[in-house]
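Right, one structure below, let's go through it.
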Amino acid sequence: MSLSPSPETKLTAERIGMVFKRDGNSTNVLRDINLTVGRGEFLCVLGPSGCGKSTLLNTMAGFLSPTSGEIRIDGEAVRGPDPRRIFVFQERGVFPWLTVEGNIGFGLFKLSRAEREQRIAHYVQLVGLEGFQKAYPAELSGGMKQRLEVARALAVNPDMLFLDEPFGALDSITRLTMRRELLRIWEAEKNTIIFVTHDIDEAVQLADRVAVMSDRPATIQQIVEIDIAHPRDIGSARYLELRHGIFDQLGLAHKV
Amino acid sequence: MSLLVRLRPVAFVAALLVIWQVAVSLSPVHILPGPWEVVGGIVDLIQHGLLLKYVVASLFRVTWGFTLAAVLAIPAGLTIGWYGRAEMALNPIVQILRPISPLAWIPIAILWFGVGDLASIFLIFVGCFFPLVLTAINAVQSVPAVYVNAGRNFGLSPAALVYRVLYPAVIPQLLVGLRITLGVAWLVVVAAEMIAVNSGLGFLIVDARNAGNRYDLVVAGMVIIGLIGLLLDLGMRSLEKVKSLRWSYSEE
Ligand SMILES: Nc1ncnc2c1ncn2[C@@H]1O[C@H](COP(=O)(O)OP(=O)(O)O)[C@@H](O)[C@H]1O
Ligand SMILES: [Mg+2]
């Protein structure tokens, strides 16, 4: 029942700083970010829009090099993107020129044909896209495209997933279903997930721990442990208490 | 209903032909041959074996000039677009050369290649090359970074990144560019043939006028040019409809 991070460490971020220089102006986006993520942990990074969440996630995934500090995964410094850790780009990342099957099989080029087809069939089923194997993304709804991108990521058996506001563009009902699916997949596959969101409820529903970021230049203000077992009752006293705590932390009022 | 709708353009063309015929017969001076005379001209050309010969000659030049331009311009443009810095250096050259009509190159083409196929192929090449370079630069620069990042994330080698991500991502824009440029090539070949060679549809038009004011043949040549231009465009459009190539059009 204990959901505290596993003792084994998956990722460490040490004194990460990021300054963007453009047209002579420099924007100080990240300042002295320190973070440790356990193996198999589900961590949400929560913060207001524009505070630097995507920037932080991109440095962890190896798409950006931080101006200062170092990110280590499994003890090795991150030097670039790696197929063992897949970044999910809010559904816009599916390749529109490939079918559902083609997208899911995209990263499986090292497998034999038979293995690849078996893997594709498995993940088509896992994300509930049966019957759409030959469809192109343009023929899918937003939620289906999102599931397709998650399936493409999972198909290569990554031990880490980076998700950048993956459900932000979906309607609120689909969003709830997608959260449930993601939790189901995470419990089955046991990968480490870093999930960026600006939605407090989403963070408290999903995460083992929530890293709350401040405004720019962003630091991690606080890490909140969500000690509620899944499936979570979002009306329970503990849930509301944690949620209110984060509201206060972000300096938000409880009344509209 | 659908049959009626489909017949509408046919009916419209028929009406125009009738108006043309009537107008020509009512006109006191000879302004144009009527449609019947033009049909006669086309039959005349077929009987002399000239129609096929001239069409083939024109298509031959277009094919060579256009293909050479595409083969050189597209990789060049894609490379320039990908390594953004080269564009800065080349931009002024392209910007100065591009607005020069391909026809302005006619004297130089004749100086370099003499009167013949090579000169007109060169002119078509010049007319197609710069628009295609620009199309390819734009196409590669408008590829969303997410696709490239996703490709890199899955561990693609640089070569695989080019043919599995970049190439499919630029195809729709390239096809539009190629279609427009093929239209340009077809315009240029007619002009080139009026001056630089003695066969082809452009030559037919000047020759028919010079050799005895055969305006029926002039208009016949124009009609044939229009029809073939239309067919070329339809051919390119059908390529754009291939499902795995047309992804960007179907995204609304
Ligand atoms: N490549 C870049 N160059 C300059 N500024 C950038 C770049 N990427 C992000 N920024 C700036 O960094 C800040 C944080 O951006 P981002 O990480 O996308 O925020 P979030 O994901 O939290 O909304 C923004 O003010 C943005 O304008
Ligand atoms: Mg963001």
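The values are calculated or read from the model by the stated rules, or taken from the named source; none is laboratory data. Fair warning: this is a prediction, and the values are worked out from it, not measured in the lab. Note: ideal-geometry Cβ built from the backbone for every residue, glycine included; neighbour counts use all protein chains shown. Quick note on the areas: whole protein, heavy atoms, side chains included, nothing else; ligands and nucleic acids left out. Shrake-Rupley method; radii C 1.70, N 1.55, O 1.52, S 1.80 Å.
At a glance:
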quantity: Chain A, relative contact order in percent, only Cα pairs under 8 angstrom and at least six apart counted; calculated: 26 percent
quantity: Nonlocal amide H pairs with B:R214, under 5 Å, H built at 1.01 Å; calculated: B:R209
quantity: Shielding by partners, peptide A:131-137 (average Cβ within 10 angstrom, other chains); calculated: 1
quantity: For A:V29, residues with placed amide H under 5 Å, excluding near neighbours; calculated: A:M18, A:V19, A:F20
quantity: Shielding by partners, peptide B:140-146 (average Cβ within 10 angstrom, other chains); calculated: 2
quantity: Inter-label distance for A:L111 and B:D233, nm, one decimal - labels placed 7 Å from Cα along Cα-to-Cβ; calculated: 4.8 nm
quantity: Pairs of lysines in segment A:99-256 (C-alpha under 26 Å apart; 8 or more residues apart or interchain); calculated: 5
quantity: Nearest-ten-degree value, helix B:215-240 long axis tilted from longest Cα axis of chain B; calculated: 30 degrees
quantity: Rounded tilt (10° steps) of A:113-126 against the dominant C-alpha axis of chain A; calculated: 60 degrees
quantity: For residues of A:79-90, the mean tally of beta carbons on other chains within 10 Å; calculated: 3
quantity: Estimated vicinal HN-Hα couplings, Hz - segment A:106-111 in sequence order (Karplus 6.51, -1.76, 1.60; Gly, Pro = x); calculated: 3, x, 9, 5, 8, 8
quantity: Accessible surface of chain B [probe 1.4 Å, protein heavy atoms]: carbon and sulfur percent; calculated: 72 percent
quantity: Sequence ranges A:155-163, B:152-160, ranked by mean other-Cβ count within 10 angstrom, highest first; calculated: A:155-163, B:152-160
quantity: Accessible carbon and sulfur surface of segment A:168-256 relative to its total accessible area, %, 1.4 Å; calculated: 53 percent
quantity: Long-range Cα-Cα pairs in segment A:12-133 (distance over 25 Å), rounded percent; calculated: 42 percent
quantity: Tensor-based shape of segment A:142-256 (alpha-carbon gyration tensor, a/c under 1.5 rounded, otherwise prolate or oblate); calculated: prolate
quantity: Label-point separation in nm, A:A229 to B:Q141, each point 7 Å along Cα→Cβ; calculated: 5.9 nm
quantity: Where N is the number of residues in segment B:37-246, Cα Rg divided by 2.2 N^0.38 Å; calculated: 1.21
quantity: Accessible surface, segment B:43-202, averaged per residue in Å² (probe 1.4 Å); calculated: 47 Å²
quantity: Solvent-accessible area, 1.4 Å probe, carbon plus sulfur percent, for segment A:95-157; calculated: 48 percent
quantity: Accessible area (Å², 1.4 Å probe, nearest 10) - A:R216; calculated: 130 Å²
quantity: For peptides B:231-242, A:223-234, A:96-107, B:65-76, sequence by mean Cβ density within 10 Å, most packed first; calculated: A:96-107, B:65-76, A:223-234, B:231-242
quantity: 0 to 90° range, to nearest 10: angle between helix A:237-249 axis and chain A longest Cα axis; calculated: 60 degrees
quantity: For A:V45, distant residues with modelled amide H under 5 Å away; calculated: A:F195, A:V196, A:T197, A:A211
quantity: Segment B:152-233 - percent relative contact order, Cα under 8 Å, separation 6 or more; calculated: 21 percent
quantity: For the pair B and A, total buried accessible area rounded to nearest 100 Å², probe 1.4 Å; calculated: 2000 Å²
quantity: Equivalent ellipsoid dimensions for chain A as semi-axes, Å, which come from the Cα gyration tensor, largest first; calculated: 29, 23, 18
quantity: Volume in Å³ per residue [convex hull over Cα atoms, computed for the protein assembly as shown]; calculated: 243 Å³
